[in-house]
1. Work out how much length residue 243 to residue 190 would gain on full extension: take 0.36 nm times their residue separation and subtract the Cα-Cα distance, in nm to one decimal.
2. Taking the Cα atoms of segment 153-287, what is the range of coordinates along each of the three principal axes, in descending order and whole Å?
3. Can you find, among 142, 185, 132, the residue farthest towards the positive end of the dipole of segment 132-277? Put +1 on the C-beta of Lys and Arg, -1 on that of Asp and Glu.
4. Between residue 126 and residue 199, what is 0.36 nm times their sequence separation minus the Cα-Cα distance? Round to one decimal in nm.
5. Order the peptides 205-211, 179-185 from the highest to the lowest mean number of other Cβ atoms within 10 Å of their residues.
6. Compute the distance in nm between two label points, each set 7 Å from the Cα along the Cα-to-Cβ direction, one at residue 181 and one at residue 272.
7. Could I get the Rg over Rh figure for the chain? Both from C-alpha atoms, Rh via Kirkwood, rounded to two places.
8. Please work out the C-alpha center-to-center distance from segment 185-261 to segment 1-66 and express it in whole Å.
Amino acid sequence: MHNITLNNNELSLRCRLQGGALLNLATPDGVNILRPAINPLAEPGECALFPMLPMANRVEGNAFHWRGKRISLPSSPYDERFFLHGDGWLRPWTLEQRQPDSVTLALASVLPGICRYDARLRYELQGGTLLATLGITNTDDQPFPFGLGFHPFFTKTPAMTLWFEGNGYWPEREHHLPAPWRDTLPAGWNFSSPRVPGDKWINNAFSGWPGRAALHDALDGSIVTLSSSADILMVYQPDGSDFICLEPQTHPVNAHRQPGLPGLAILEPGESLTLEMQISRTVQQGAA
């Protein structure tokens, strides 16, 4: 399995072609910004970061109607009910370009009877920032609703606080699908002021996200900042986990089954959609 390492004075990462995933993102002195993979052959969900395409998360019933046709999505080896996170995180990508501080991967995918697309994924180190850019192009002869996302696993400590803004959320119901949207956030999940996320289950998408979130560790003074062009933030952490996932998505969960296909981009043949994300780490002056 082909792995690629990038380094500069402030960051290092390892990327693998399988799934276009990152195996780690760390500082030169060994601070893991993202949860590192146990080994290079780790399962996709055990990696530090992976892309989501041509959709993010799940579609109820694993099917939807599109222009008078029922679209039945494929099965997934990681979810018996859903085409979870699409197929981009499961397929081998090819190395298109490599520079000392960046790598560009390419993927051509055909989902018979559903869609056909080309994708480009670029990881670049700029000082203390990782820049990730994911692009998708409709290569079929018919329009199709596409969505993109990134699924990073941020390292979390007990003292770490989380901050981000939003104007509502979708409660979780059975099979990890969203209940109707609410414009009032539960007190425990309102992160408009920094608060410790704790170690209890969270699996919700937040709307009205202005594209910025921050994790602050008071013990070492570090601040990990996530920025993105997306306006949906999916937050996921299992019970008792030492990581938290802050996932920028172009669309809410189950958007394919919602009126107006919110957030999905209906791409005509040859049209493209791009999602950008940045992850940076700084340490406050005077911190140990």
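1. Details: separation 53, 0.36 × 53 = 19.08 nm, distance 1.86 nm.
Value of the extension gain: 17.2 nm.
2. Here the Cα extents, ordered largest to smallest, are 53, 35, 23 Å.
3. Farthest along the dipole direction, towards plus: 185.
4. That works out to 23.1 nm of additional length.
5. In decreasing order of mean packing, 205-211, 179-185 become 205-211, 179-185.
6. Here the modelled spin labels are 2.9 nm apart.
7. Looking at the chain, the ratio lands at 0.95.
8. One Cα centre to the other: 18 Å.
Just so you know, all these numbers are worked out from the coordinates, no wet-lab data involved. The structure displayed is predicted, hence computed values, not measured ones. Backbone-built Cβ (ideal geometry, glycine too); neighbour counts: all protein chains shown.
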